[in-house]
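Throughout, read-outs are computed from the coordinates displayed, never taken from laboratory work. Worth saying up front: this structure is predicted, and the values here are computed from it rather than measured. Positions of Cβ are generated from backbone atoms using ideal geometry, with glycine treated the same way; all protein chains shown enter the neighbour counts.
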């Protein structure tokens, strides 16, 4: 049995007095899941794992850590892609896991808001909205295990950003425990509040480096009663960009999702994910999964079919298949959502979570493909993502038996090529996965110096002892 790191007796006594036995995880085997990210890429040690039950306990924990100069790593569902919730190897850090703060505090269908604590699972927030006759649109592959606090801390994206925006756009107010244990109650359910700096937006996306998000007021929407889903194939990426513009014009806000995957990505899923089949008879270089949704039941299918017929007639796309039943639509989504699983089974991926102006994507992709193939002629590129909002997961798949040193060296080479080109087009090296440990050093390289300096000044003002999630983001 692995021996856990030992906490300072004074700190242990203070934290036990706050959270009791139920709020401390001491056994080494019980601690193990908290010390590694779900991808298995980062592992660490912690002096304690503390699980507060409410905001008052969280504040007391933070005061104790602040006064003893103990670094804190806040953790939600531990589903992140960038190592932002994993402690370092020192054994000196406390993990503050928010899983016990899992109450839906309020649902207001008239104001279209839901107030949830940080440990509420995303799927639970979706269900609470549905029970109230409303809709919470944030949707991720990990929605059964990721938490609202983690979604806010990383400004999570997902498949509905095109229509509803990122998590940042879905939050009206926050409750936050500051590094010194003070509580900022900003749980205002207002759509207009012009009273100074917007501290809410400062905390969202800060990855636990400025404070601990304990609750949030989230926006709800009318519940869609009709959906229409289609799979389309095109020979060139430009055709899909043209289709996106056309559907935006024809369908307006009914256009909820526009997901793209290369034919290599589709082939990977068909080879490694069971019970999948190609939606179209012929081969196409690029594919798109498109979905419309409306609060009216009438007319959506005909609107979609007319738009797709026009796209086929004009040669914008080569072929299309409409999901005539819910089962067919789910089969389309299984192909899109199976890419991550297929990559894990097929090899080791060098992942890029990048954002670009949509107008730049058709130039970026062939240039990136060519540059990577100059480095490695047999490179296997897995290109997919949320074309509707400009977020590509432009990955490079290496063999499953690649040596660790070779994987590290190739990762650095591929990252520099991809991220230099992304920067040239005015893009971002992290679109929805956060910076964490994965992109921390690159952030300094690609962020403008003034912007990085401002971020450091904010960090110094709120967390002068640098106790909040050290080694992440900055």
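General observations
- Near-label residues of the stretch 413-445 by backbone N, under 15 Å of a point 7 Å along Cα→Cβ of residue 451: 419-432, 434-435, 440-445
- Acute angle (nearest 10 degrees) that the helix 237-251 long axis makes with the longest principal axis of the chain, alpha-carbon atoms: 80 degrees
- When the inverse distances between all different Cα atoms of the stretch 104-222 are averaged and flipped, the Kirkwood radius reads 14.1 angstrom.
- Cut-off 16 Å (backbone N to label point 7 Å along Cα→Cβ of residue 38), residues of the stretch 106-135: 119-126
- Equivalent ellipsoid semi-axes, the stretch 347-442, via Cα gyration tensor eigenvalues times 5, rooted, Å: 21, 15, 12
- Looking at the stretch 1-127 alone, DSSP beta bridges between its own residues are antiparallel in about 50 percent of cases.
- An oblate overall shape is assigned to the stretch 226-340, the ratio a/c of its alpha-carbon gyration tensor axes (a ≥ b ≥ c) being 1.5 or greater and a/b not exceeding b/c.
- Only Cα pairs under 8 Å and 6+ residues apart enter the sum, and on that basis the relative contact order of the stretch 42-110 stands at 49 percent.
- Placing R0 at 51 angstrom, the Cβ-Cβ distance between residue 376 and residue 130 gives a FRET efficiency of 0.60 after rounding to 0.05.
- Helix axis angle, 122-131 relative to the chain longest principal axis, alpha carbon, degrees: 70 degrees
- Added length on full extension, which subtracts the Cα-Cα distance from 0.36 nm per residue, residue 16 to residue 280: 89.1 nm
- Ordered by the number of other Cβ atoms lying within 10 Å of each residue's own Cβ, fewest first, 452, 286 fall into the sequence 452, 286.
- Ranking of 8, 287, 419 by count of other Cβ atoms within 10 Å, fewest first: 8, 419, 287
- Nearest-0.05 FRET efficiency for residue 184 and residue 297, computed from C-beta distance (R0 56 Å): 0.85
- Available extension along the chain between residue 145 and residue 225 is 26.2 nm, counting 0.36 nm per residue and deducting the alpha carbon span.
- Mean-position separation - Cα centroids, the stretch 379-412 and the stretch 272-320, in angstrom: 27 Å
- Note: relative contact order over the chain, using C-alpha pairs below 8 Å and six or more positions apart, is 15 percent.
- Likely footprinting exposure, 79, 274, 362, 214, fewest C-beta neighbours within 10 Å first: 274, 362, 79, 214
- Between 0 and 90°, nearest 10: helix 326-337 axis offset from the chain longest Cα axis: 70 degrees
- Two-site label geometry, residue 67 and residue 90: point separation in nm, points 7 Å out along Cα→Cβ: 2.2 nm
- Beta bridges per DSSP with both ends in the chain, % antiparallel, nearest 5: 85 percent
- Based on C-alpha pairs under 8 angstrom that are at least 6 apart in sequence, the stretch 226-340 has a relative contact order of 46 percent.
- Calculated FRET value between residue 235 and residue 442, using beta carbons and R₀ = 45 Å, to 0.05: 0.85
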